[in-house]
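The block underneath contains the structure these notes are about, expressed in structure tokens.
The values are calculated or read from the model by the stated rules, or taken from the named source; none is laboratory data. The structure displayed is predicted, hence computed values, not measured ones. A quick note on method: Cβ atoms are made from the backbone with ideal geometry, for glycine too, and the neighbour counts reach across all protein chains shown.
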Amino acid sequence: MKVSLGRPVKVNNILNTLKITLIANRNLKKMEARAGEAIKKISTASSYKAAIDVYQKEME
């Protein structure tokens with residue numbers, strides 16, 4: 001799964017506007033990878049729970 005915050009220039013422009021320290025491209029890519037892993041875990045768990053809920057409702 002690939003998650004992107006947009007081009008690094010866009011991200012750094014937003015951060016600059018907010019007067020926040022800019023992020024190096026290399027670090028931004030690392031953060032995107034970690035976020036992608038977290039999103040995948042959460043979506044998998046959510047889908048699993050939804051499937052169980054539907055199954056239990058059908059069995060009632």
Per the filter on region 23-52, residues at pLDDT 85 or above and in a loop (DSSP other than H, G, I, E, B) are Ala24
Cβ pairs under 7 Å, 6+ apart or interchain, first in region 3-18 and modelled with pLDDT of 75 or more, second outside any loop (DSSP other than H, G, I, E, B), ordered by first then second residue, are Val11/Leu28
Looking at this structure, is Lys19 charged (D, E, K, R) and surrounded by 10 or more Cβ atoms within 10 Å (Cβ to Cβ)? no
